[in-house]
Amino acid sequence: MKRLDSEILVIGGGIVGSAAALALARAGRRVAVLERDLCGARSSGINYGGVRRQGRAAVQLPLAQRAHHIWSGLRELIGIDGEYVRSGHFKLARSAADMQALEAYAELSRPYGLDIELISGERLRRQCPWLGGAVMGGSLCPEDGQANPRLVSPAFARAATAAGAAVLEGCEVLQAGHDGSAFVLEARHGGQALQARAAVLINCAGAWAGKLAAAFGEDVPMTSGHPSMAVTEPIPHFLPWSLGVEGGSIYCRQVARGNVVLGGGRGYVLDADRARASHDSILGLLPQAVELLPALRHVQIIRTWSGVEGYLPDRQPVLGPSATQAGLFHGFGFCGAGFQIGPAAGEALAELVLRARSPVPLDAFSISRFNAVAADASSHPLVPERKIS
């Protein structure tokens, strides 16, 4: 059996776990990341790529603002820009009620400095001839943006490695416990048994993090969700913003190469680890896309995909120390919206390890909020899944 002794173990090499490892390694701490697959291959890599603050709950905005600052120095931090651009994020209102909701959000977010601009329907029709369908107006967060998650998330892991962290890909943790002096993980890596020990354990295992929390007596009502995503062939550039619609249903952005990335609806489950975009969700998405963006008429979809994301019933992540085990920290359950705040969440976890506190308020994300909640996830059916043959 191989052995790995470290100061800190991180389970999960997504953007949150890798960002935490990067911050800890840069602080001179001995840290190892155990990733079952490839770093950034799960929810951190299959998401839409929106880097937005607009639309987040108020309790997330301090974290989002900190992440906004991190994203501004992304190349210096991880060595690449990851196709990150501050293109602006625009949210479209299709009804008077939608517009009222956007106006209320602009007011709510004002203290956090998002600088959201409300745009009337009349101005939109003048300014955006590419926009189709009913338009009542919308709200623009000009410094929100977009990036390529397939580039950014693995780059955080590579940066952590360069900073001195040990990153073990293809390392599946089979069992976790604490022997009274250290955390002890039983794993398999490279076809061999591995025992890893450390004084500190960070749980960033994504949609599978609930099992690890439960191993330490912390049951959380975790469910999994599966986005339905598609991308078109390259077409002449016309879409300046990352675009969403108040109330959801569709979101889209156009990358520099001309491809338009589309999302909306839910995929279907293959097994506990895999999901695919469903035919009916894609077929439901396309008419909406053409109505919203007539330039997409007759454009070919060249790829669809999905993945497994962890969801919690209040749509807020768990981020902070364990309530039952000293030295254990959690960072999971980002509900399909962790890409933008992931780097800040990772740094906050590192701060908790290093200084037992973070300047970012994290109380709303405490795992203890589920103490009084039954662990039966079936009582929180928030992300319905459909089996498609």
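Side notes on the structure shown:
- Contact order normalised by residue count of the chain, Cα under 8 Å, 6+ apart, percent: 23 percent
- When both region 190-264 and region 320-358 are represented by their alpha-carbon centers, they are found 17 Å apart.
- For the chain, the residue among Trp305, Tyr105, Thr223 whose Cα projects farthest onto the positive side of the dipole built from Cβ charges is Trp305.
- Approximate spin-label separation Ile80-Ile302, in nm, with each point projected 7 Å along Cα-to-Cβ: 1.8 nm
- Taken about its Cα centre, the chain carries a charge dipole of about 560 debye when Lys and Arg each add +1 at the Cβ and Asp and Glu each add -1 at the Cβ.
- Hypothetical label at Asp37: residues of region 305-321 whose amide nitrogen lies under 14 Å (7 Å Cα-Cβ projection): 305-310
- Label-zone membership for region 269-298, site Arg125, 7 angstrom Cα→C-beta point, backbone N under 17 Å: 292-294
- Of the labelled figures (i) 31; (ii) 43; (iii) 25, only one reflects percent of Cα pairs over 35 Å apart as derived from the coordinates, namely (iii).
- Residues of region 140-263: accessible area per residue with a 1.4 Å probe, Å²: 35 Å²
- Computed over the chain, the per-residue total of -39500 (n - 2.57) for DSSP H runs of n ≥ 4 gives a 222 nm mean residue ellipticity of -8000 deg cm²/dmol, rounded to 500.
- Remark: the Thr324-Ala101 segment gains 76.3 nm on full extension, using 0.36 nm per residue and subtracting the alpha carbon distance.
- On the beta carbon distance between Ala256 and Arg357, with R0 = 45 Å, the FRET formula returns roughly 0.65.
- Met136 - accessible surface, heavy atoms, 1.4 Å probe, Å² rounded to 10: 90 Å²
- Share of carbon and sulfur in the accessible area of region 270-360 stands at 52%, probe radius 1.4 Å.
- Theoretical FRET efficiency, 1/(1+(r/R0)^6), r = Cβ-Cβ of His178 and Asp219, R0 22 Å, to 0.05: 0.80
- FRET efficiency, Leu118 to Asp5 (Cβ-Cβ, R0 45 Å, nearest 0.05): 0.20
- Portion, in percent, of the accessible area of region 1-110 that falls on carbon or sulfur, probe 1.4 Å: 52 percent
The values are calculated or read from the model by the stated rules, or taken from the named source; none is laboratory data. In this text the structure is predicted, and so the values were computed from the model without any measurement. All Cβ positions, even for glycine, are placed from backbone atoms using ideal geometry, and neighbour counts span all protein chains on display. What goes into the accessible areas is simple: the full protein's heavy atoms, side chains included, and nothing from ligands, DNA or RNA. Shrake-Rupley method; radii C 1.70, N 1.55, O 1.52, S 1.80 Å.
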